[in-house]
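The values are calculated or read from the model by the stated rules, or taken from the named source; none is laboratory data. Every value quoted in this text rests on a predicted model; they were computed, and no experiment measured them. Here the Cβ positions follow ideal geometry from the backbone for every residue, glycine too, while neighbour counts run over all protein chains shown.
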Amino acid sequence: MKHPLTLIILLLLLSGCMTAAVMAGSTQTNTSGSNTAIEGGYTSTATTTYESGSSSNSTTTNTTNSNIRSAPPSASAPSYNSMTQDVCAVGVSMGVQTFGIGISGGKHAIDKNCERLKLARILNDFGMKVAAVAILCQDERVFESMIQAGTPCPIDGKIGKDAQALWSKYDHERPDYDTYVKRMEDRKKADEEMQAKITAELEAMDKAKALEEAKNKNKIEWKHPR
């Protein structure tokens, strides 16, 4: 070939014209919300255009949504101890838990019946038997059982019939006053119903007797003719 240098230059120009131009772009978006909601997304776009006019497009989109909720810890009610076996105290505690807030609390409660039994036992050990019975009689069940047994509880230093007379006079001081009043009202109502029934029966008997007398009075007496 006469001009090899010229041929080489032409080949180099031809290969340079066939070089592809590449265009690419990408976009990424991440959005964070509260501690319980997270949103994120990723989008990428790539475009390639060749010298001859043809092109290639590629688009990729990736979106992730997460919503995480966790329950709050449970409310724990505190524990209360009486510290000793000889104290009539009971621990009471309670807790309430909702999704947003929890409340708990506790306190000591005194068992009156336990105290009464311990005091009566100590008084009895000291030989104070009447005093021991008197403190037990503060319970309306014990008071009622003593009345039913015919041995009324002590009052103002009186026992037996004297105590019964005082309890009848000052019945509002009875531990079972409300129950006593209701029982007396029920008994009064029952007595009135019984009295009304007896009265009705007597009136019916009197009416029947009056009718019988009237019938006998109007009856004609037969006499034998002579």
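Listed values, structure above:
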item	result
Qualifying residue in region 166-185 (condition: modelled with pLDDT of 90 or more, within 30 Å of VAL90 (Cα to Cα), surrounded by 14 or more Cβ atoms within 10 Å (Cβ to Cβ) and among the basic types (Lys, Arg))	yes
Matching residues in region 174-197 - criterion: being among the aromatic types (Phe, Trp, Tyr) and farther than 30 Å from ASP156 by Cα	none
Helices (runs of 4 or more DSSP H) completely within region 117-188 that count 3 or more residues being of a type in the set (A, V, I, L, M), under 23 Å from ASP86 (Cβ atoms) and outside the structural domain of ASP86 (by TED's automatic domain parsing)	129-136
Check on MET94, at pLDDT below 90 and in contact with a Gly (Cβ under 7 Å, 6 or more places away or on another chain)	yes
